Amino acid sequence: MAEKKAESKNEQKGILLETGTNEFEIVEFNIGNVNYGINVAKVREVITRVPVTAMPQAHPYIDGLFTLRGKAIPLVNLPRCLNAQTAGTPRNIIVTEINNYNIGFLVESVSRIHRISWKEMEPAPEVGDQSRVVGIIKMKDRIVLLLDFETIIAEINPEINQKLSTVDDATEDVKDKRGRAHVVVAEDSPLLRELLVSTLHDSGYRFIRDFGNGQDAWEYLCELAKKNGPIENQVGVIVSDVEMPKMDGHRLLKLVREDERLKEVPLVLFSSLINPEMRRKGKELGASGQIAKPEINQLIELLDHLVFGTELKHAQLTE
(Lines give C-alpha, C1' and ligand atoms only; values in the text may rest on other atoms or scores of the structure.)
Protein backbone atom coordinates (compact mmCIF):
# COMPACT_ATOMS: atom_id res chain seq x y z
CA MET A 1 0.00 0.00 0.00
CA ALA A 2 2.85 2.39 0.93
CA GLU A 3 4.57 1.68 -2.40
CA LYS A 4 1.35 2.46 -4.31
CA LYS A 5 0.95 5.75 -2.43
CA ALA A 6 4.55 6.66 -3.22
CA GLU A 7 4.04 5.82 -6.90
CA SER A 8 0.87 7.89 -6.95
CA LYS A 9 2.70 10.87 -5.42
CA ASN A 10 5.53 10.54 -7.93
CA GLU A 11 3.02 10.40 -10.79
CA GLN A 12 1.30 13.54 -9.51
CA LYS A 13 4.67 15.29 -9.14
CA GLY A 14 5.55 14.31 -12.70
CA ILE A 15 2.30 15.80 -13.98
CA LEU A 16 2.90 19.03 -12.07
CA LEU A 17 6.47 19.35 -13.35
CA GLU A 18 5.62 18.50 -16.96
CA THR A 19 6.23 21.43 -19.28
CA GLY A 20 3.86 22.60 -21.98
CA THR A 21 0.66 21.32 -20.32
CA ASN A 22 -0.98 24.78 -20.64
CA GLU A 23 -1.39 24.99 -16.87
CA PHE A 24 -0.12 27.53 -14.38
CA GLU A 25 -0.51 28.54 -10.76
CA ILE A 26 -1.77 31.85 -9.44
CA VAL A 27 -1.55 33.51 -6.05
CA GLU A 28 -5.00 34.90 -5.26
CA PHE A 29 -5.20 38.12 -3.26
CA ASN A 30 -7.85 40.72 -2.60
CA ILE A 31 -8.27 44.47 -2.40
CA GLY A 32 -11.65 45.39 -0.94
CA ASN A 33 -14.30 43.14 -2.46
CA VAL A 34 -12.32 42.39 -5.62
CA ASN A 35 -10.22 39.25 -6.08
CA TYR A 36 -7.02 39.45 -8.11
CA GLY A 37 -4.35 37.01 -9.24
CA ILE A 38 -0.65 36.93 -10.12
CA ASN A 39 1.31 34.11 -11.72
CA VAL A 40 3.30 32.18 -9.10
CA ALA A 41 6.32 32.27 -11.44
CA LYS A 42 6.56 36.03 -10.80
CA VAL A 43 6.36 35.75 -7.01
CA ARG A 44 9.48 35.46 -4.89
CA GLU A 45 7.58 35.39 -1.61
CA VAL A 46 4.68 36.86 0.37
CA ILE A 47 5.49 38.74 3.59
CA THR A 48 3.65 40.64 6.29
CA ARG A 49 3.72 44.40 5.88
CA VAL A 50 6.99 45.92 7.08
CA PRO A 51 8.18 49.50 7.76
CA VAL A 52 8.76 51.62 4.67
CA THR A 53 11.15 54.52 4.08
CA ALA A 54 9.58 57.29 2.02
CA MET A 55 11.43 58.43 -1.11
CA PRO A 56 11.42 62.11 -2.18
CA GLN A 57 9.85 62.71 -5.62
CA ALA A 58 8.93 59.03 -5.98
CA HIS A 59 6.22 57.94 -8.41
CA PRO A 60 2.72 58.44 -6.89
CA TYR A 61 2.18 54.66 -6.75
CA ILE A 62 5.34 54.12 -4.69
CA ASP A 63 5.05 54.23 -0.88
CA GLY A 64 8.83 54.03 -0.52
CA LEU A 65 11.50 51.39 0.06
CA PHE A 66 11.48 48.37 2.37
CA THR A 67 14.38 46.08 3.24
CA LEU A 68 14.30 42.35 2.63
CA ARG A 69 17.41 40.33 3.53
CA GLY A 70 19.62 43.39 3.17
CA LYS A 71 18.18 44.51 -0.19
CA ALA A 72 16.17 47.73 -0.64
CA ILE A 73 13.01 47.08 -2.70
CA PRO A 74 10.40 49.60 -3.94
CA LEU A 75 6.87 49.12 -2.62
CA VAL A 76 3.89 49.80 -4.89
CA ASN A 77 0.67 50.69 -3.11
CA LEU A 78 -1.59 48.55 -5.32
CA PRO A 79 -4.91 49.89 -3.94
CA ARG A 80 -3.78 53.42 -4.86
CA CYS A 81 -2.53 52.26 -8.26
CA LEU A 82 -5.91 50.64 -9.02
CA ASN A 83 -7.89 53.46 -7.38
CA ALA A 84 -9.55 50.75 -5.28
CA GLN A 85 -11.26 51.00 -1.91
CA THR A 86 -9.98 48.68 0.81
CA ALA A 87 -12.12 47.00 3.45
CA GLY A 88 -9.30 47.16 6.01
CA THR A 89 -5.64 48.03 6.37
CA PRO A 90 -3.48 46.31 3.70
CA ARG A 91 -1.36 43.80 5.56
CA ASN A 92 0.58 41.75 2.97
CA ILE A 93 3.36 42.46 0.49
CA ILE A 94 3.78 40.29 -2.60
CA VAL A 95 7.48 40.42 -3.50
CA THR A 96 7.97 39.87 -7.22
CA GLU A 97 10.73 39.47 -9.79
CA ILE A 98 9.54 40.73 -13.18
CA ASN A 99 11.75 41.80 -16.08
CA ASN A 100 14.74 41.09 -13.78
CA TYR A 101 13.37 43.81 -11.53
CA ASN A 102 12.50 43.21 -7.85
CA ILE A 103 9.45 45.11 -6.63
CA GLY A 104 6.86 44.65 -3.87
CA PHE A 105 3.11 45.14 -4.14
CA LEU A 106 1.06 46.10 -1.10
CA VAL A 107 -2.27 44.21 -1.00
CA GLU A 108 -5.05 43.81 1.51
CA SER A 109 -4.59 40.07 2.03
CA VAL A 110 -3.35 36.93 0.26
CA SER A 111 -5.71 33.94 0.33
CA ARG A 112 -4.52 30.87 -1.59
CA ILE A 113 -2.77 29.33 -4.60
CA HIS A 114 -4.76 27.81 -7.48
CA ARG A 115 -3.54 25.58 -10.30
CA ILE A 116 -5.58 26.21 -13.42
CA SER A 117 -5.45 25.84 -17.19
CA TRP A 118 -4.83 28.85 -19.41
CA LYS A 119 -8.00 27.72 -21.22
CA GLU A 120 -9.94 28.75 -18.12
CA MET A 121 -8.60 32.29 -18.41
CA GLU A 122 -10.57 34.55 -20.73
CA PRO A 123 -9.31 37.84 -22.16
CA ALA A 124 -10.67 40.83 -20.26
CA PRO A 125 -13.86 42.21 -21.86
CA GLU A 126 -13.59 45.66 -23.39
CA VAL A 127 -15.62 47.71 -20.93
CA GLY A 128 -13.38 50.76 -20.72
CA ASP A 129 -9.70 51.18 -19.93
CA GLN A 130 -8.69 47.56 -19.18
CA SER A 131 -4.96 47.99 -19.72
CA ARG A 132 -4.19 46.72 -16.20
CA VAL A 133 -6.28 43.54 -16.51
CA VAL A 134 -5.11 40.89 -18.99
CA GLY A 135 -7.68 38.24 -18.20
CA ILE A 136 -10.45 36.91 -16.00
CA ILE A 137 -10.71 33.53 -14.31
CA LYS A 138 -14.18 32.28 -13.42
CA MET A 139 -14.27 30.38 -10.14
CA LYS A 140 -17.40 28.68 -8.75
CA ASP A 141 -18.40 31.59 -6.54
CA ARG A 142 -16.31 34.52 -7.82
CA ILE A 143 -14.28 36.03 -10.62
CA VAL A 144 -10.53 36.54 -10.27
CA LEU A 145 -8.88 39.30 -12.31
CA LEU A 146 -5.37 38.59 -13.56
CA LEU A 147 -3.46 41.87 -13.43
CA ASP A 148 -0.97 43.09 -16.00
CA PHE A 149 1.93 43.73 -13.62
CA GLU A 150 4.32 44.43 -16.52
CA THR A 151 2.23 47.43 -17.56
CA ILE A 152 2.12 48.73 -13.98
CA ILE A 153 5.90 48.44 -13.68
CA ALA A 154 6.36 50.10 -17.07
CA GLU A 155 4.24 53.05 -15.85
CA ILE A 156 6.47 53.40 -12.80
CA ASN A 157 9.78 52.78 -14.60
CA PRO A 158 9.79 54.52 -18.03
CA GLU A 159 13.18 52.95 -18.79
CA ILE A 160 11.35 49.70 -19.59
CA ASN A 161 9.24 51.32 -22.30
CA GLN A 162 12.31 53.13 -23.58
CA LYS A 163 14.20 49.84 -23.92
CA LEU A 164 11.21 48.28 -25.67
CA SER A 165 10.90 51.12 -28.16
CA THR A 166 14.51 52.09 -28.92
CA VAL A 167 16.33 50.13 -31.61
CA ASP A 168 19.85 50.29 -32.99
CA ASP A 169 20.30 51.86 -36.41
CA ALA A 170 20.38 49.50 -39.38
CA THR A 171 21.37 49.91 -43.02
CA GLU A 172 18.73 50.06 -45.73
CA ASP A 173 19.94 46.66 -47.01
CA VAL A 174 19.32 45.10 -43.59
CA LYS A 175 15.89 46.75 -43.34
CA ASP A 176 15.05 45.50 -46.83
CA LYS A 177 15.91 41.92 -45.79
CA ARG A 178 13.84 42.23 -42.63
CA GLY A 179 10.92 43.57 -44.64
CA ARG A 180 10.63 40.29 -46.54
CA ALA A 181 10.36 38.10 -43.41
CA HIS A 182 6.92 37.06 -42.11
CA VAL A 183 6.82 37.38 -38.30
CA VAL A 184 4.05 36.00 -36.08
CA VAL A 185 3.76 37.65 -32.64
CA ALA A 186 1.78 36.36 -29.64
CA GLU A 187 1.59 38.80 -26.70
CA ASP A 188 -1.38 39.28 -24.38
CA SER A 189 -0.62 42.74 -22.96
CA PRO A 190 -2.19 45.30 -25.35
CA LEU A 191 0.31 47.99 -24.35
CA LEU A 192 3.39 45.79 -24.74
CA ARG A 193 2.07 44.18 -27.94
CA GLU A 194 1.55 47.60 -29.52
CA LEU A 195 5.03 48.72 -28.45
CA LEU A 196 6.64 45.49 -29.67
CA VAL A 197 4.97 45.53 -33.09
CA SER A 198 5.67 49.24 -33.54
CA THR A 199 9.35 48.77 -32.67
CA LEU A 200 9.74 45.78 -34.97
CA HIS A 201 8.17 47.87 -37.75
CA ASP A 202 10.68 50.65 -37.09
CA SER A 203 13.54 48.15 -37.32
CA GLY A 204 12.36 46.97 -40.75
CA TYR A 205 10.29 43.89 -39.77
CA ARG A 206 7.07 45.14 -41.37
CA PHE A 207 5.30 41.87 -42.28
CA ILE A 208 3.84 41.05 -38.86
CA ARG A 209 0.67 39.29 -37.70
CA ASP A 210 0.07 39.77 -33.99
CA PHE A 211 -2.29 37.97 -31.62
CA GLY A 212 -3.37 38.48 -28.03
CA ASN A 213 -3.09 34.81 -27.04
CA GLY A 214 -1.39 31.58 -28.05
CA GLN A 215 -4.59 29.87 -29.23
CA ASP A 216 -5.31 32.45 -31.93
CA ALA A 217 -1.66 32.39 -33.01
CA TRP A 218 -1.72 28.57 -33.20
CA GLU A 219 -4.89 28.53 -35.34
CA TYR A 220 -3.31 31.06 -37.71
CA LEU A 221 -0.11 28.98 -37.95
CA CYS A 222 -2.18 25.88 -38.74
CA GLU A 223 -3.81 27.76 -41.62
CA LEU A 224 -0.39 28.81 -42.95
CA ALA A 225 0.80 25.19 -42.73
CA LYS A 226 -1.99 24.09 -45.09
CA LYS A 227 -0.74 26.30 -47.91
CA ASN A 228 1.39 24.94 -50.73
CA GLY A 229 5.12 25.54 -50.88
CA PRO A 230 7.90 25.61 -48.27
CA ILE A 231 6.77 26.69 -44.81
CA GLU A 232 9.54 29.30 -44.67
CA ASN A 233 7.68 31.14 -47.44
CA GLN A 234 4.66 31.37 -45.12
CA VAL A 235 6.31 32.21 -41.79
CA GLY A 236 9.92 33.12 -41.03
CA VAL A 237 9.89 33.29 -37.22
CA ILE A 238 7.49 33.25 -34.26
CA VAL A 239 7.87 35.55 -31.23
CA SER A 240 5.80 34.52 -28.22
CA ASP A 241 5.19 35.65 -24.67
CA VAL A 242 4.95 32.89 -22.05
CA GLU A 243 1.95 34.14 -20.04
CA MET A 244 -1.17 34.31 -22.22
CA PRO A 245 -4.88 33.41 -21.92
CA LYS A 246 -6.33 30.36 -23.69
CA MET A 247 -2.87 28.99 -24.55
CA ASP A 248 0.49 29.95 -23.04
CA GLY A 249 3.79 30.27 -24.87
CA HIS A 250 5.18 26.94 -23.67
CA ARG A 251 2.13 25.07 -24.94
CA LEU A 252 2.33 26.94 -28.26
CA LEU A 253 6.01 25.99 -28.55
CA LYS A 254 5.24 22.34 -27.77
CA LEU A 255 2.54 22.19 -30.46
CA VAL A 256 4.77 23.86 -33.05
CA ARG A 257 7.62 21.42 -32.40
CA GLU A 258 5.25 18.42 -32.63
CA ASP A 259 3.75 19.56 -35.95
CA GLU A 260 5.42 18.01 -38.99
CA ARG A 261 5.02 21.14 -41.13
CA LEU A 262 5.90 23.74 -38.51
CA LYS A 263 8.56 22.03 -36.40
CA GLU A 264 11.53 23.74 -38.10
CA VAL A 265 10.11 27.26 -37.78
CA PRO A 266 12.21 29.31 -35.31
CA LEU A 267 10.27 30.27 -32.17
CA VAL A 268 11.64 32.81 -29.69
CA LEU A 269 10.20 33.27 -26.21
CA PHE A 270 10.15 36.98 -25.30
CA SER A 271 8.89 37.26 -21.75
CA SER A 272 9.28 38.89 -18.35
CA LEU A 273 9.50 35.34 -16.95
CA ILE A 274 12.87 34.34 -18.44
CA ASN A 275 14.48 33.25 -15.18
CA PRO A 276 16.73 30.14 -14.83
CA GLU A 277 13.80 27.76 -14.22
CA MET A 278 11.69 29.10 -17.09
CA ARG A 279 14.75 29.14 -19.35
CA ARG A 280 15.26 25.43 -18.60
CA LYS A 281 11.64 24.68 -19.52
CA GLY A 282 11.88 26.62 -22.76
CA LYS A 283 15.08 24.84 -23.72
CA GLU A 284 13.50 21.43 -23.05
CA LEU A 285 10.63 22.28 -25.38
CA GLY A 286 12.94 23.40 -28.18
CA ALA A 287 12.89 27.21 -28.03
CA SER A 288 15.16 28.74 -30.66
CA GLY A 289 16.06 31.46 -28.17
CA GLN A 290 14.78 33.16 -25.04
CA ILE A 291 15.03 36.89 -24.40
CA ALA A 292 13.93 38.68 -21.23
CA LYS A 293 11.74 41.73 -21.73
CA PRO A 294 12.33 44.55 -22.48
CA GLU A 295 15.62 43.84 -24.33
CA ILE A 296 14.27 44.56 -27.83
CA ASN A 297 17.71 44.99 -29.44
CA GLN A 298 18.73 41.51 -28.28
CA LEU A 299 15.47 40.18 -29.71
CA ILE A 300 16.06 41.82 -33.11
CA GLU A 301 19.65 40.56 -33.18
CA LEU A 302 18.38 37.03 -32.52
CA LEU A 303 15.67 37.31 -35.19
CA ASP A 304 18.30 38.40 -37.73
CA HIS A 305 20.43 35.40 -36.76
CA LEU A 306 17.55 32.91 -37.01
CA VAL A 307 16.07 34.26 -40.25
CA PHE A 308 19.16 35.41 -42.16
CA GLY A 309 22.05 33.64 -40.42
CA THR A 310 23.78 36.81 -39.24
CA GLU A 311 26.45 36.51 -36.53
CA LEU A 312 25.39 36.76 -32.90
CA LYS A 313 27.26 39.19 -30.67
CA HIS A 314 25.65 37.90 -27.47
CA ALA A 315 26.25 34.17 -26.89
CA GLN A 316 23.62 34.12 -24.12
CA LEU A 317 20.85 34.71 -26.61
CA THR A 318 20.69 31.02 -27.54
CA GLU A 319 21.48 29.50 -24.16
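Distance from the C-alpha centroid of segment 79-141 to that of segment 231-285: 26 Å, rounded to the whole angstrom. Under a 5 Å amide H cut-off, with hydrogens placed 1.01 Å from N, R44 pairs with V95, T96, E97 among residues at least 5 apart or on other chains.
Annotation: amide H-H contacts under 5 Å for G135 (H modelled 1.01 Å from N, sequence separation of 5 or more, or interchain): A124, L146.
Rounded to whole numbers, the Karplus 3J(HN,Hα) couplings from phi for segment 113-120 are 10, 10, 9, 9, 8, 4, 5, 7 Hz, using 6.51 cos²θ - 1.76 cosθ + 1.60 with θ = phi - 60°, and x at Gly and Pro.
Computed from backbone phi, the HN-Hα couplings of segment 227-240 come to 6, 6, x, x, 5, 5, 6, 9, 8, x, 6, 10, 10, 9 Hz, rounded to whole numbers (Karplus: 6.51 cos²θ - 1.76 cosθ + 1.60, θ = phi - 60°; Gly and Pro given as x).
From the square roots a ≥ b ≥ c of the eigenvalues of the alpha-carbon gyration tensor of segment 170-220, which class results: rounded (a/c under 1.5), prolate (a/b over b/c), or oblate? Judged from the Cα gyration tensor, segment 170-220 comes out oblate (a/c at least 1.5, b/c at or above a/b).
Under Stokes-Einstein, with the Kirkwood radius over Cα pairs as Rh, the value for segment 85-222 at 25 °C and 0.890 mPa s is 138 µm²/s. V40 exposes around 40 Å² of accessible area when a 1.4 Å probe is run over every protein chain in place. The alpha-carbon atoms of the chain define a convex hull whose volume equals 178 cubic angstrom per residue. Around the amide H of V237, modelled in the peptide plane, lie the amide H atoms of H182, V184, all under 5 Å away and 5 or more residues distant in sequence or on another chain.
Here the Karplus curve 6.51 cos²θ - 1.76 cosθ + 1.60, taken at θ = phi - 60°, turns the phi angles of segment 171-180 into couplings of 6, 5, 4, 5, 5, 5, 4, 4, x, 9 Hz, with x standing for Gly and Pro.
Legend: translational diffusion of segment 12-127 by Stokes-Einstein, Rh = Kirkwood radius over C-alpha pairs, 37 °C, 0.692 mPa s; D = 210 µm²/s.
Per residue, what volume in Å³ does the Cα convex hull of segment 161-265 take up? List each step's numbers first, then the result.
Details: hull volume 9.8 nm³, N = 105.
It comes to 93 Å³ per residue, whole-number rounded.
A viscosity of 1.567 mPa s and a temperature of 4 °C, combined with the Kirkwood radius over C-alpha pairs in the Stokes-Einstein formula, give segment 81-159 a diffusion coefficient of 89 µm²/s. Expressed in Å, the radius of gyration and Dmax of the Cα atoms of segment 257-319 are 11.6, 32.
The values are calculated or read from the model by the stated rules, or taken from the named source; none is laboratory data. Keep in mind that this is a model prediction, so the values were computed, not measured. Surface accessibility is based on the protein's heavy atoms, side chains included, excluding ligands, DNA and RNA. Shrake-Rupley method; radii C 1.70, N 1.55, O 1.52, S 1.80 Å.
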